[in-house]
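Trainee: Could you have a look at this structure, given as structure tokens, before my questions?
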Amino acid sequence: MIRPLSLFPALTNDLYSDRFDKIDKLFSHLTGVKPLALPSESYNLKKIDDRHYELIISVPGFTENELDVSFSNGQLFVVGDHKEETPKKGEWLHQGISHRSFSAQYSLGKNAKIQSAELCDGLLKILLEYEIPKDEKVKKLRLKKLRKMSLKN
């Protein structure tokens with residue numbers, strides 16, 4: 001059995017926006033008003049089998065060169081840094097796709113291994129494998145049936 005994964009991203013764009021996001025979330029929690037800040041990068045976690053999982057992170061508009069994915073001590077780091085684009089002909093009537101850079105951290109645990117990572121159609125897919133050492137696996141004990149049990153002092 002695998003322990004639950006802690007995959008809640010800790011996102012920070014810079015010092016001030018992080019503070020604003022925290023204040024915004026606290027205010028919306030206290031008042032019930034929808035937060036002003038944009039939600040963090042969306043992700044899905046899919047269980048493939050008892051040892052394999054797929055983490056899918058939405059990164060629309062990013063290319064392979066604009067994403068940096070690293071893994072160390074059970075922590076997965078994903079950084080997206082949009083390069084400056086040269087203006088193209090025509091004018092935007094609506095721009096709903098975020099072009100902001102981001103930084104996300106996912107706590108996967110010490111038993112996680114990254115099998116692969118690929119970018120396809122704005123989705124970053126990361127295949128994870130969990131290998132639990134024998135000494136950390138749950139051990140079931142076999143109970144012996146006794147004939148009579150005495151409760152004498």
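Trainee: Could you sort Arg142, Arg100, Arg51 by their accessible area in this structure, using a 1.4 Å probe and putting the largest first?
Mentor: Greatest to least solvent exposure: Arg142, Arg51, Arg100.
Trainee: How large is ³J(HN,Hα) for each residue in segment 111-116, as worked out from phi by the Karplus curve 6.51 cos²θ - 1.76 cosθ + 1.60 (θ = phi - 60°), to whole Hz, x for Gly and Pro?
Mentor: 8, 7, 10, 8, 8, 6
Trainee: Using only the heavy atoms of the protein chains and a 1.4 Å probe, how would Asp68, Asp49, Asp135 rank by accessible area, largest first?
Mentor: From most accessible down to least: Asp135, Asp68, Asp49.
Trainee: Quote the accessible area belonging to Val138 in square angstrom, nearest 10, computed with a 1.4 Å probe and with ligands, DNA and RNA left uncounted.
Mentor: Surface open to solvent at Val138 totals about 110 Å².
Trainee: With a 1.4 Å probe and all protein chains kept in place, how do His99, His52, His94, His82 rank by accessible area, largest first?
Mentor: Ranked list, largest accessible area first: His94, His99, His52, His82.
The values are calculated or read from the model by the stated rules, or taken from the named source; none is laboratory data. Model, not experiment: these values are computed from the prediction. Ligands, DNA and RNA are excluded from the accessible area calculation, which covers all protein heavy atoms including side chains. Shrake-Rupley method; radii C 1.70, N 1.55, O 1.52, S 1.80 Å.
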